[in-house]
Amino acid sequence: MKNKNEKGIVSIFVLFAMMLLLIFVFSIYSLVDNKLKENEKQNLNLLKIYSNKLDLIDSNKSADNNEIIPIYNINQLNIVGTGSFIKIDSQVYQCGMGMSYVLKDNIIVDIEEDLFTNRINFNDYKLYSQIYYIDKYIYDIYYYKDNTYWKNIYYKNFTEKDNSDLEYSENQFSIIDKYENNNTEFEYMMIWKYDGIYNLAKSIQSEKANNLDEIIVYKENINKINVNGEIYIFINIGNKI
């Protein structure tokens, strides 16, 4: 009788141990399955994001890393060097710092539209800085206002530390003494940001300025800028480019 009781206890123990093992195995399976489902869900969400924003639907259309990226407009130039993806001419490019770019058309920035949105799309430094590889042999970037075209020749953000080594940068830019203009009369336009609001003034002079101190509109308004401001200086290049 004792042996039967012992065998019964052992059987119950074995059965209990097997149930614990099955519960453990099932728990591991559920954990792994849930993890795989979560990863799949995240991958689908990422795919939706990239598909909606970048139209990365067909991976066969992705460009090779050594391809030269064409730039047609200001929105594309904004992405240059950011590492973001963009679709241009049915090709998907990743616009990293080490890529090569080429302007395929003149880029026109509507200043009136920028002033209305209170944000000027300033990208001129990318065409001159050695950090970016952008071929602008044929085309260039221009600004449009009052039925005429303008070229940005100076920019400075006063919130950034002044550094003379950063002549062509997103914080400081100047081609005042390098930009050629054969006009007999020179019109300059200065736009400055003060307390979050853009202001605008113009001046006309008979001689081309080779530095800031020779630009009348700059001398008349530079004292209106505080440490949190920024300024843009443009030169009028006429109604044709």
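The values are calculated or read from the model by the stated rules, or taken from the named source; none is laboratory data. Everything quoted here is computed from the prediction, not taken from an experiment. Glycine also receives a Cβ, built like all others from the backbone with ideal geometry; neighbour counts cover every protein chain displayed. Just the protein is used for accessible areas: all its heavy atoms, side chains included, with ligands, DNA and RNA removed. Shrake-Rupley method; radii C 1.70, N 1.55, O 1.52, S 1.80 Å.
Things to note:
- Where the range 93-193 is the region considered: accessible area per residue in Å², 1.4 Å probe: 53
- The range 95-229, accessible surface, carbon-and-sulfur percent (1.4 angstrom probe): 43
- Scaled to the globular estimate 2.2 N^0.38 Å, the Cα spread of the range 61-133, given as radius of gyration, is 1.14.
- Evaluated at q = 0.22 Å⁻¹: base-10 log I(q)/I(0), Debye formula over Cα of the range 116-157: -0.92
- Expressed in Å, the radius of gyration and Dmax of the Cα atoms of the range 91-241 are 15.6, 49.
- The loop-placed trypsin sites (Lys or Arg not before Pro) in the range 148-241, going by DSSP, that have at most 14 neighbouring Cβ atoms within 10 Å of their Cβ come out as Lys161, Lys178, Lys240.
- Solution diffusion estimate, µm²/s, Stokes-Einstein, the range 180-241, Kirkwood Rh from C-alpha pairs, 25 °C, viscosity 0.890 mPa s: 198
- Cross-link pairs Lys145/Lys178; Lys87/Lys202; Lys136/Lys193 - those with Cα-Cα distance over 27 Å: Lys87/Lys202; Lys136/Lys193
- Mean projected area in nm² (Cα convex hull; one quarter of hull surface) for the range 89-131: 4.4
- The magnitude of the dipole of the range 72-193, with charges of +1 and -1 set on the Cβ of Lys/Arg and Asp/Glu and taken from the Cα centre, is near 380 debye.
- Of the chymotrypsin sites (Phe, Trp or Tyr not before Pro) found in the range 102-139, those that fall in a DSSP loop while having at most 11 other beta-carbon atoms within 10 Å are Tyr137.
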